[in-house]
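Below is one structure; the comments refer to it alone.
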Amino acid sequence: MISRIPKFLRLIAGKECEFHIPTKEKIIYLTFDDGPVPEVTPKVLDILKRHNAKATFFCVGDNIRKYPELYKILLDEGHNVGNHTMHHLQGLKTSFSDYMKDVEQSAELCSSNLFRPPYGRISKRQKQELLKRNFRLIFWSVISFDYSKKISQEKCLKNSLKLHSGDIILFHDSLKAEKNMLYALERVLLFYSEKGFRFCAIR
Ligand SMILES: [Zn+2]
């Protein structure tokens, strides 16, 4: 498992896909996908608050529908949100029209110009259409693999400690990822804060 996205993959994806946000400052962009869910997201919010960190949550529209109060708290606490489709669709397994309909449905609940395709998979046509609709396509520099049952908390942390200024790290505020994610998140915040980094939402 390679946690840092190799350069050739970034090049293949094209420059309109953002894997990193260039900055001269010491900034790390924490991102959380697939929430919000009441079992996990509040725990993430507590940790972020304790470390004075802001993050970006790529929400599944259907979770916003189920937990609108939780979604509102994300915004109230100064974090940003992004569209992650309504039903967590895999772009390459979904027709163009079904995919765009799902994105639109989610956009009605999630007001954001940020988009992250579930599984990082998307067709060229879907991509062009999203760009035409003025979405920024946000991928990641480093993936923690927090959701993987095959890795330990320590391995998840090790995956996560590979960040540089402007990097985007992918975590999940989901039940599947909770154990590894909470362990790694706390330590990533401590480790990089000590090195003078700030944690900002993608704007
Ligand atoms: Zn996802």
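Just so you know, all these numbers are worked out from the coordinates, no wet-lab data involved. The structure displayed is predicted, hence computed values, not measured ones. Positions of Cβ are generated from backbone atoms using ideal geometry, with glycine treated the same way; all protein chains shown enter the neighbour counts.
Given 0.36 nm per residue, what is the gain on full extension from Lys26 to Glu69 after removing their alpha carbon distance, in nm? Could you put the intermediate results ahead of the total?
Details: separation 43, 0.36 × 43 = 15.48 nm, distance 3.25 nm.
That pair, Lys26 and Glu69, stretches by 12.2 nm at full extension.
Rounded to the nearest 500, what is the 222 nm mean residue ellipticity of the chain from helices alone, with -39500 (n - 2.57) per DSSP H run of 4+ residues and division by all residues? Don't skip to the answer; put the middle values down first.
Details: 8 runs with 80 residues, N = 203.
So the helix-based figure for the chain works out to -11500 deg cm²/dmol.
Simple spin-label model, 7 Å along Cα-to-Cβ: Ile12 to Ser193 in nm?
3.8 nm
Percent relative contact order of the chain, based on C-alpha pairs within less than 8 angstrom and at least six residues apart?
Relative contact order for the chain comes out at 32 percent.
Given +1 on the Cβ of Lys and Arg, -1 on the Cβ of Asp and Glu, and no further charges, what dipole in debye does region 21-199 carry about its Cα centre, rounded to the nearest 20?
Numbers: 29 positive and 21 negative charges, 135 e Å.
Computed about the Cα centre, the dipole is about 660 debye.
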